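Q: Quick one: structure below, then a few questions.
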């Protein structure tokens, strides 16, 4: 018995100990599959192994504040700026963007397909009180959704039972929406890569308000001495390189580009 | 129904293609949960037995607390361990967060009360049987504990297996303290949660069947090694 345990420990324990850093990244970065395209290439180029923690933006920022990760890759500008101005991060570097899309049952009972703007979409859903699934987890997507509701002068706190804050990641929330045949806002990458679409389809996109910027922030080593700032800096430089740009712009699912590089070298 | 069938097919495909990731994840699941089991058993078996034979003032209270701790919510354990091991927590300097070690700590906390409680129940019965004999032989406390553990080993194995079952099937705590990092802290349960999140139910279910098969194999292996349920030896 003990020998078996020891053997297993030997097999699995030998790995690691190379040059590694930890990156807390938003779920869409991983659920879209882009992380699997970028990080191995980064390892080939620099020999640095990135340990990816896939969490919502809110949790990523918490991990950065506590010094449990070396850098974060998130998408919620206001929260990012607060993080940097509180000196938890050294600076904010924009890397790429995609957009949010509105998903709903293909019959489209709220008739959002021909809406003029994202705000009108939300107003239509609220007026018809069709089931709407919200992330409800303080993630970047959730913050964006709340921002849009408030721009539409609607307040989720007062919504009826049709508004369901599930408090889960993008994939789990899409599963809920799929099960409930509900409307939901998702980032395009996660939606395209999602395997359980059921009766849902993409109904509305294209409003500039739905723009979704991803930014990279190295954690400040003045606050946490153990932070691997050198590795974090190399990842930043690499993410802004032509090679990374190429990988990001050419990452496609079903022929559709998911992210557009917009980092300034 | 189709999804379940697809899951079975996926499980068969995963096992027969000897997928390298699957093997890594499976070994890590075993490593974490078996290590947690060994540590938890080393703590819980003597403690549960001691509790059965020792009489002290707050014994009833201690037993009630122990039984209540069996229902310790894993996600709360995970959160507390996370806060302890976080760089801004008291044990942050050790840098243990998001390592298999952190997952082992969380699992030990979750399964020790379970094993100790079942041990205590079993040992109490055995102790009432052995009480007069062991007292009349003038044994020391340590000898009594050892005699009870040895003679009650079959029941203790059940206690340990219950602990192992809880450890290997657990996801809430190890997700928080391990972080589900690919090739480092990803185990079967966290991988299942991840694939469910991607909407890839077939793969998630396939991993689920692998997990069930693994638990069965571990149980059979332990039964075979300890020669239970055989004629003449039990």
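The values are calculated or read from the model by the stated rules, or taken from the named source; none is laboratory data. Quantities reported herein were computed from a predicted structural model and do not represent experimental measurements. Note: ideal-geometry Cβ built from the backbone for every residue, glycine included; neighbour counts use all protein chains shown.
To keep it simple, each residue is scored yes or no on (1) within 11 Å of another protein chain (Cβ to nearest Cβ); (2) part of a helix (DSSP H, G or I).
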residue: B:24; (1), (2): yes, yes
residue: B:29; (1), (2): yes, yes
residue: B:34; (1), (2): yes, yes
residue: B:39; (1), (2): yes, yes
residue: B:47; (1), (2): no, yes
residue: B:75; (1), (2): no, yes
residue: B:89; (1), (2): yes, no
residue: B:108; (1), (2): no, yes
residue: B:115; (1), (2): no, yes
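Q: Return yes or no: is residue A:5 touching a helix residue (DSSP H, G or I) at 6+ places or on another chain (Cβ under 8 Å), at negative phi, within 11 Å of chain B (Cβ to nearest Cβ) and at pLDDT below 85? Talk me through it step by step, then tell me what you get.
A: Details: touching a helix residue (DSSP H, G or I) at 6+ places or on another chain (Cβ under 8 Å): yes; at negative phi: yes; within 11 Å of chain B (Cβ to nearest Cβ): yes; at pLDDT below 85: yes.
In short, yes.
For every residue, the table says whether it meets (1) within 30 Å of residue A:90 (Cβ to Cβ); (2) out of contact with any strand residue (DSSP E or B) (no Cβ under 6 Å at 6 or more places or on another chain).
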| residue | (1), (2) |
| --- | --- |
| A:147 | yes, yes |
| A:152 | no, yes |
| A:157 | no, yes |
| A:161 | no, yes |
| A:179 | no, yes |
| A:186 | no, no |
| A:198 | no, yes |
| A:216 | yes, no |
| A:222 | yes, yes |
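Q: Examine region B:91-108 for a residue that is closer than 28 Å to residue B:157 by Cβ and free of Cβ contacts under 8 Å to residues at least 40 places away in the same chain, and state whether such a residue exists. Reasoning before the result, please.
A: At the first step, the residues of region B:91-108 found to be closer than 28 Å to residue B:157 by Cβ are B:100-108.
Add one more test, that the residue is free of Cβ contacts under 8 Å to residues at least 40 places away in the same chain, and what stays is B:101.
Yes, region B:91-108 contains a residue that is closer than 28 Å to residue B:157 by Cβ and free of Cβ contacts under 8 Å to residues at least 40 places away in the same chain.
Q: Hey, among the residues in region A:188-211 that are within 22 Å of residue A:118 (Cα to Cα) and free of Cβ contacts under 8 Å to residues at least 40 places away in the same chain, which one's farthest from the other protein chains (Cβ to nearest Cβ)?
A: Once the filter is applied, the top-ranked residue is A:208.
Q: Please go through region A:71-127 and pick out each residue that is in a helix (DSSP H, G or I) and outside the structural domain of residue A:196 (by TED's automatic domain parsing).
A: A:77, A:78, A:79, A:80, A:81, A:82, A:83, A:84, A:85
Q: Which members of region A:157-183 meet the condition of being within 13 Å of another protein chain (Cβ to nearest Cβ) and surrounded by 23 or more Cβ atoms within 10 Å (Cβ to Cβ)?
A: Of all residues in region A:157-183, those within 13 Å of another protein chain (Cβ to nearest Cβ) come to A:166-179.
Passing the criteria: A:169, A:170, A:171, A:173, A:174, A:175, A:177.
Q: Across region B:158-191, what is the number of residues that are within 12 Å of the chain's Cα centre (by Cα) and part of a helix (DSSP H, G or I)?
A: So the count comes out to 11.
Q: Now for a different question. Can you find even one residue in region B:50-67 that is closer than 30 Å to residue A:59 by Cα and surrounded by 19 or more Cβ atoms within 10 Å (Cβ to Cβ)? Reasoning before the result, please.
A: Keep residues of region B:50-67 that are closer than 30 Å to residue A:59 by Cα, which gives none.
Checked against the condition, which is being closer than 30 Å to residue A:59 by Cα and surrounded by 19 or more Cβ atoms within 10 Å (Cβ to Cβ), region B:50-67 yields no hits at all.
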